[in-house]
Amino acid sequence: MTRFIGFLVVAVLSLALASGASAEGTLRIGMTAADIPYTGGQTDNGFEGFRFVGYQIYEPLINWDLSRSDKLPSLVPGLAESWEVSKSDPKKWIFKLRKNVKFHDGSAFNADSVLFTFDSIKNKQAAQFDQYGSAQISWRLSALKAMKKLDDYTIELETPTVTSFVPYQIVYMVIVSPAQWDKVKDWRKFAEQPSGTGPFRVTRFVPRERLELEANKGYWDPKRTPKVDKVVLLPMPEPTTRLAALRSGQVDWIEVPPPDSIAQLKGGGFQIVTNKYPHNWGHILRLDKEPWNNKAVRKAANYAIDRVGICKNLLNDTCVPGTGVAYKGHPWFGNPKETYDYNPAKAKEILKAAGFDGVSKRPARAVALISTSGSGQMLPLAMNELVQKNLKDVGIDVDLQPIEWNSLTQRFRIGFTGENAGVNALNISFNFLEPFSGFGRFFHSKSVPPTSVNIMPFVNPESDKLLDEAEKTFDLAKQDAILAKVHEVVVDEAPWIFVVHDLNPRAMSPKVKGFVPPQSWFVDLTQVSVAK
Amino acid sequence: MWGYVGRRLLLAIPTLLGASIIVFAMVHLAPGDPISAILPVDASKEQIEDTKRAYGFDKPLPVQYLKWLGRVVQGDLGKSIATRRAVILDVRDSLANSLVLAVSSSLLAFGAGIALGLLAAFHQSRALDKLASAIAVIGVSVPHYWAGIILIIIFSVQLNWLPAMGASSDGGLVGYLRHMALPTIALALIPLGVIARVTRSAALDILNQEFVLALRAKGLARARVFKHVVKNAAPQIITVLGLQFGFQLGGSVLVEAVFSWPGTGYLLNLAIFQRDMPVLQGVILVLATFFVLLNLLVDVLQTYIDPRIARH
C-alpha cells in the first residue's frame with residue numbers, strides 16, 4: 001500500500017514538473033459556446049460564432065471596422081472595394097470586388113465566388129445549397145433578392161423594395177470558396193476543411209473540443225496580417241471551468257468571467273476588458289393583456305428598477321443601466337421624454353394617477369418567463385429576483401417562471417399564445433447592431449409573427465412611419481437621426497422593461513497585448529499579440 | 001456455461017430496447033426542442049419547417065423511433081443534429097476518453113478501496129479501522145463534482161501543477177496523463193468509499209466464521225489465513241467492482257462537465273442541452289450495452305471463482 005501511494009506521489013509530481021509551456025505567439029481563447037461554432041461559412045451559435053469563426057476564417061463584402069474603442073464600428077470595404085446604389089433604379093446595387101484575393105485553398109476570389117455563396121444560402125435548387133447555414137442566416141438577408149455577375153469583379157444586387165439597409169445585411173454573408181466545395185461536395189466535410197479569405201485559416205478541427213487557426217500570411221490587407229502565429233479556440237460553457245483554465249494558464253483569454261471573480265482576477269494581475277456594445281437585457285411585455293396593456297403600469301415599472309444597484313452590487317460593474325433599447329451616447333438614443341432613473345416614489349405616483357392605490361387596487365399579477373442561464377443572459381436568476389423585488393416595492397406583482405435556456409428560446413418563438421397564454425413577459429437579451437435587429441423586428445407592425453418577432457405586439461403608426469422613412473434614407477447621418485426618433489417613441493411607450501446593457505467583460509492574461517475592445521459583438525484578433 | 005451466456009445475451013435485447021424507449025420518451029416529454037438549439041430565434045416558419053423535414057421531426061413520434069431503430073439494427077446510429085457528424089464517430093471518440101478515465105479511476109479506487117477495507121477489517125475497532133472507515137465515509141459522502149472543483153482550486157489554480165480542464169494531447173502522452181490526473185482522483189472517490197466499506201464488511205463476515213477460527217487453531221500463518229479470507233470474500237467484492245466500473249463509465253456526467261473532459265458524460269450533457277436526440281440515443285444505447293456485458297462478465301467471473309453459484 002505504501003509503495004502504491006509512493007508511486008502515485010512520484011507519478012503526480014513528475015507529471016507536474018513536465019508541464020509544457022505553450023507555443024510562442026499562440027493565443028488560446030475559452031469561449032462560452034458549448035461546441036465549436038459551425039465552420040462551414042454561415043455560422044451558428046449567434047454572434048459568438050461570427051466573432052471567433054465566421055469573421056476570422058471568412059469575410060463578407062463589407063466589414064465592420066473593429067479597430068477603435070471610442071466609437072461605434074463603421075462599415076468599411078471588405079471583399080468589395082466599393083458599393084453604390086443605382087441612381088436610376090434604387091432597387092439595384094453595384095458592388096466592385098477586390099482583385100488579387102485568394103482563398104485559403106489557393107483559388108482566386110471573384111464574382112463567381114459571391115454568386116456561389118449567394119446560391120448556397122438562397123437557392124434551394126442549387127447543388128451547393130446549405131440547408132443548415134441558410135437557416136442560420138437567411139432571416140438577416142431579406143433584402144438580397146437576386147444577384148447577377150456583370151463582369152469578373154462586378155456584381156449587381158437586386159432588392160425587393162427600396163432599402164438603404166442593404167450594407168447592414170451584406171455584413172452577415174461571408175464568402176466561401178467554390179473550389180474547396182467542389183473538392184468535397186458536402187457541407188459537413190467542407191466544415192472540417194474550410195476555406196475562406198479571412199485573416200486566419202483552419203489547421204485542426206476536433207469536434208466539440210478545439211479549433212486551431214493559423215495566421216493567413218497571404219492576407220490581402222497588410223495592416224491586418226495577424227500578429228500571432230496561432231489561435232486555439234476552446235468551447236467552455238461552464239463559467240467556473242473558464243475561470244480555472246485562465247488562472248491555471250491553460251488559456252490566455254476567456255469570455256464572460258463570473259462577475260464575482262473580477263476583483264480577484266484584477267488582484268491576480270489579469271486584465272479585465274469591458275466596453276459598451278449594442279446589447280440589451282430586459283423584459284419584453286405582452287401589450288394586449290393586463291397588466292402591461294396599461295401604459296401607466298409599464299412606465300411605473302420602468303421607474304421602479306434600481307439599475308445602478310443591479311450593475312454595481314450584483315454584476316460588479318460589468319453592465320450599465322439601460323433606459324431604452326440603445327444606451328445613452330449611442331447615435332440612436334435621441335432625447336426621450338422618459339428618463340427612467342430609479343424613482344420608486346414617482347412610480348407609485350404614476351400608478352396612483354392610473355387608479356392603482358397599491359392597497360385595495362393593484363395591477364393584475366403578471367407572469368414573467370425567465371431563463372436559468374444562457375448565451376448573453378448574464379445572471380438571469382439573481383437579476384430577475386431584484387427586478388421582481390423592485391416591482392413589488394411599488395405595488396406591481398410579478399411571478400417569475402424560470403425555465404432552461406433552450407425551452408425559453410422555443411417559447412419566445414411561440415409568442416404569447418398556446419403554451420404561453422398565461423405569460424405576460426419574456427426575459428431575453430438582444431442585440432441592436434443594425435436597424436432591423438434593433439428596431440425593425442420588434443417595433444414595426446409588419447414584423448408581427450409569422451413574419452418576424454414583434455410578439456408583444458407593438459403596433460404604433462408613428463414608429464411604422466419613421467422606420468419606413470429610415471429605410472428609404474440613404475444618408476447615414478439622417479438615417480441615424482430618424483432612428484433616434486423611433487427610439488424616442490419606443491422609450492416613451494415602454495413596451496419593454498428596460499434593465500441593463502452588458503459591458504462584454506473578458507479576462508485576459510497580462511501576456512495578451514494589443515487588444516482593442518470595440519463597441520461591438522465582434523473582435524479583431526489580428527492586432528493581438530501574446531508576449532513570451 | 002455457454003448456454004447460460006447465450007440466454008443472458010438474449011435477455012439483453014429487451015433491456016436495451018427498454019432503455020432506448022425510455023430515453024426517447026423522456027427527451028420528448030421534456031420542454032424545448034432540437035430546432036431551438038440549432039436555429040436562431042428569428043428563423044422563419046418556412047426555415048423551421050424545412051429543417052424539421054430534413055431531420056424527420058415532422059413525422060409522428062412512434063414513426064421517428066421506429067425509423068431510428070431500423071437504422072440502428074443495421075449498425076447506423078444516425079447523424080448528430082448539432083454537428084451533423086455521424087453519431088458513431090462522436091460515440092467512439094468520447095467512449096475512448098471515458099474508458100481511459102473509467103479504467104484509471106477504477107484502478108485507483110479498487111486498489112485503495114480494497115486495501116483500506118482489508119486494513120479496517122483486520123484491525124477491527126482499532127484506530128486504524130476508524131481512520132479507514134472515516135476515509136470511506138468521506139469518499140461516499142463528498143459530491144465528486146465538488147471535490148473536482150476543490151482539486152482544481154488547489155492543484156491548478158493555486159499550485160499550478162496540473163491543467164484544470166480538457167484532454168489535450170498536445171504534450172504527447174505526458175500531456176494527456178497530466179490532464180487525466182485530477183478527473184481520475186475526483187472520479188475515484190465514490191467507488192473508493194463503496195469498495196472499502198463492502199470489502200470491510202465482507203472480510204469481517206468471513207473472519208467471524210468458524211472455519212477461520214479452525215484455521216488459526218491449527219496454527220496457520222497469518223498470511224495464509226489472510227489468503228483464505230480474501231478468497232472467500234472475493235465474490236461479493238467482485239460484484240461491487242463490476243457495478244462500480246459500469247458506473248464509472250456512464251456516471252461521470254458531472255465530473256466530466258467540471259473538467260470539460262470530452263467523454264460520454266460530457267457528450268450526454270451537451271446532447272441534453274442541445275436536445276440532440278440521435279447523439280443522446282446513441283450514447284445511451286452504447287453505455288447500456290456496456291452495462292449489460294459488464295454484468296454478464298461479473299456473473300461469469302463469480303461462477304468461475306465460486307462454482308457453487310452456477311448450481312443455484
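The values are calculated or read from the model by the stated rules, or taken from the named source; none is laboratory data. Given the structure is predicted, the values throughout are model-derived calculations rather than measurements. Methodologically, a virtual Cβ is constructed for each residue, glycine included, from the backbone with ideal geometry; neighbour enumeration extends over all protein chains shown.
Anything in region A:40-49 that is touching a Pro at 6+ places or on another chain (Cβ under 9 Å) and crowded, with 24+ Cβ neighbours inside 10 Å? List them, or say none.
A:GLY40, A:GLY41, A:THR43, A:ASP44, A:ASN45
Would region B:75-86 turn up any residue that is away from chain A (no Cβ under 13 Å) and either crowded, with 18+ Cβ neighbours inside 10 Å or assigned to a helix (DSSP H, G or I) (or both)?
The answer is yes, given that some residue of region B:75-86 is away from chain A (no Cβ under 13 Å) and either crowded, with 18+ Cβ neighbours inside 10 Å or assigned to a helix (DSSP H, G or I) (or both).
Return the residue satisfying two criteria in turn: it lies in region A:394-403 and is touching a strand residue (DSSP E or B) at 6+ places or on another chain (Cβ under 9 Å) and buried (at least 21 other Cβ atoms within 10 Å of the Cβ), and of such residues it is farthest from A:THR372 (Cα to Cα). Steps first, answer last, please.
First, pick out the residues of region A:394-403 that are touching a strand residue (DSSP E or B) at 6+ places or on another chain (Cβ under 9 Å): A:396-403.
Still in the running and buried (at least 21 other Cβ atoms within 10 Å of the Cβ): A:396, A:398.
Numbers: A:ILE396: 23, A:VAL398: 17 Å.
That would be A:ILE396.
From the list B:LEU101, B:LEU108, B:LEU173, pick out the single residue that is within 30 Å of B:ALA223 (Cβ to Cβ) and either more than 12 Å from every other protein chain (Cβ to nearest Cβ) or out of contact with any strand residue (DSSP E or B) (no Cβ under 8 Å at 6 or more places or on another chain) (or both).
Result: B:LEU108 is the single residue among B:LEU101, B:LEU108, B:LEU173 that is within 30 Å of B:ALA223 (Cβ to Cβ) and either more than 12 Å from every other protein chain (Cβ to nearest Cβ) or out of contact with any strand residue (DSSP E or B) (no Cβ under 8 Å at 6 or more places or on another chain) (or both).
Yes or no, residue by residue, for (1) more than 30 Å from A:PHE474 (Cα to Cα); (2) part of a loop (DSSP other than H, G, I, E, B); (3) not small (Gly, Ala, Ser):
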| position | (1), (2), (3) |
| --- | --- |
| A:ASN100 | yes, yes, yes |
| A:THR117 | no, no, yes |
| A:ILE121 | no, no, yes |
| A:ILE155 | no, no, yes |
| A:PHE205 | yes, no, yes |
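A:GLU209 is checked against (1) touching a helix residue (DSSP H, G or I) at 6+ places or on another chain (Cβ under 8 Å); (2) within 14 Å of chain B (Cβ to nearest Cβ); (3) within 27 Å of A:ARG506 (Cα to Cα) and fails just one. What number does that condition carry?
With respect to (1) touching a helix residue (DSSP H, G or I) at 6+ places or on another chain (Cβ under 8 Å); (2) within 14 Å of chain B (Cβ to nearest Cβ); (3) within 27 Å of A:ARG506 (Cα to Cα), A:GLU209 is out only on (1).
Which one of these is within 14 Å of chain B (Cβ to nearest Cβ), buried (at least 16 other Cβ atoms within 10 Å of the Cβ), over 24 Å from the mean Cα position of the chain (by Cα) and not β-branched (Val, Ile, Thr): A:ASN390, A:ASN420, A:ASN460, A:ASN406?
A:ASN420
Restrict the check to region A:402-425 and report whether at least one residue is without any contact (Cβ under 8 Å) to a residue 40 or more places away in the chain and at positive phi.
yes
State which residue is farthest from B:ALA54 (Cα to Cα) when the search covers only region B:15-39 and only residues that are over 24 Å from the mean Cα position of the chain (by Cα) and surrounded by 19 or more Cβ atoms within 10 Å (Cβ to Cβ).
B:GLY32
I'm checking my understanding of the structure. Among residues of region A:423-436 that are polar (S, T, N, Q) and out of contact with any Lys or Arg (no Cβ under 8 Å at 6 or more places or on another chain), which one is surrounded by the most Cβ atoms within 10 Å (Cβ to Cβ)? Walk me through it before giving the result.
Applying the first criterion (polar (S, T, N, Q)) to region A:423-436 yields A:424, A:427, A:429, A:431.
Now restrict to residues that are out of contact with any Lys or Arg (no Cβ under 8 Å at 6 or more places or on another chain): A:427, A:429, A:431.
Working: A:ASN427: 26, A:SER429: 19, A:ASN431: 16.
Checking each candidate, the answer is A:ASN427.
Could you say which residue among A:GLY324, A:GLY269, A:GLY329, A:GLY355 is under 30 Å from A:ASP480 (Cα atoms) and loosely packed, with under 14 Cβ neighbours inside 10 Å?
When all the criteria are applied, what remains is A:GLY329.
Does region A:81-91 contain at least one residue that is touching a strand residue (DSSP E or B) at 6+ places or on another chain (Cβ under 9 Å), modelled with pLDDT of 95 or more, hydroxyl-bearing (Ser, Thr, Tyr) and surrounded by fewer than 18 Cβ atoms within 10 Å (Cβ to Cβ)?
For region A:81-91, residues touching a strand residue (DSSP E or B) at 6+ places or on another chain (Cβ under 9 Å), modelled with pLDDT of 95 or more, hydroxyl-bearing (Ser, Thr, Tyr) and surrounded by fewer than 18 Cβ atoms within 10 Å (Cβ to Cβ): present.
Scan region A:210-231 residue by residue and report those that are surrounded by fewer than 20 Cβ atoms within 10 Å (Cβ to Cβ), of a type outside the set (Ser, Thr, Tyr) and assigned to a loop (DSSP other than H, G, I, E, B).
Listed by number, the residues that qualify are A:LYS217, A:GLY218, A:TRP220, A:ASP221, A:LYS227, A:ASP229.
Which fully enclosed helices (runs of 4 or more DSSP H) of region B:231-312 have 3 or more residues being within 17 Å of the chain's Cα centre (by Cα)?
B:253-258, B:264-274, B:277-305
What number of residues within region B:58-93 are in contact with a helix residue (DSSP H, G or I) (Cβ under 7 Å, 6 or more places away or on another chain) and without any contact (Cβ under 8 Å) to a residue 60 or more places away in the chain?
5
One line per residue, one yes/no per condition, for (1) in a loop (DSSP other than H, G, I, E, B); (2) among the small types (Gly, Ala, Ser); (3) within 14 Å of chain B (Cβ to nearest Cβ); (4) farther than 30 Å from B:ALA82 by Cβ:
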residue: A:ALA368; (1), (2), (3), (4): no, yes, no, no
residue: A:GLN377; (1), (2), (3), (4): yes, no, yes, no
residue: A:LEU381; (1), (2), (3), (4): no, no, no, no
residue: A:ASP399; (1), (2), (3), (4): no, no, no, yes
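Residue under question is B:LEU128, and the condition is that it be over 20 Å from A:MET236 (Cβ atoms) and within 11 Å of chain A (Cβ to nearest Cβ); does it hold?
No: the conditions fail for B:LEU128.
For region A:128-154: of the residues being of a type in the set (A, V, I, L, M, F, W, C) and away from every other protein chain (no Cβ under 11 Å), which is farthest from the chain's Cα centre (by Cα)? Walk me through how you get there before you give the answer.
Step one: filter region A:128-154 for residues of a type in the set (A, V, I, L, M, F, W, C), giving A:129, A:135, A:137, A:139, A:141, A:143-144, A:146-147, A:150.
Restricting the remaining residues to those that are away from every other protein chain (no Cβ under 11 Å) gives A:141, A:143-144, A:146-147, A:150.
Values: A:LEU141: 16, A:ALA143: 20, A:LEU144: 21, A:ALA146: 27, A:MET147: 27, A:LEU150: 34 Å.
By that ranking, first place goes to A:LEU150.
Given the criterion buried (at least 20 other Cβ atoms within 10 Å of the Cβ) and either outside any helix (DSSP H, G or I) or away from chain A (no Cβ under 12 Å) (or both), identify the matching residue among B:LEU162, B:LEU116, B:LEU151.
Working: B:LEU116 fails: either outside any helix (DSSP H, G or I) or away from chain A (no Cβ under 12 Å) (or both); B:LEU151 fails: either outside any helix (DSSP H, G or I) or away from chain A (no Cβ under 12 Å) (or both).
One residue alone meets the criteria, B:LEU162.
Please work out which residue is nearest to B:THR83 (Cα to Cα), limiting yourself to region B:256-312 and to residues that are of a type in the set (Val, Ile, Thr) and within 14 Å of another protein chain (Cβ to nearest Cβ).
Looking at residues that are of a type in the set (Val, Ile, Thr) and within 14 Å of another protein chain (Cβ to nearest Cβ), I get B:VAL279.
A quick yes/no check of all residues on (1) under 25 Å from the mean Cα position of the chain (by Cα); (2) among the polar types (S, T, N, Q):
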position	(1), (2)
A:GLY218	no, no
A:MET236	yes, no
A:ARG242	yes, no
A:ILE262	yes, no
A:LYS266	no, no
A:GLN271	yes, yes
A:HIS279	yes, no
A:ILE284	yes, no
A:ASN294	no, yes
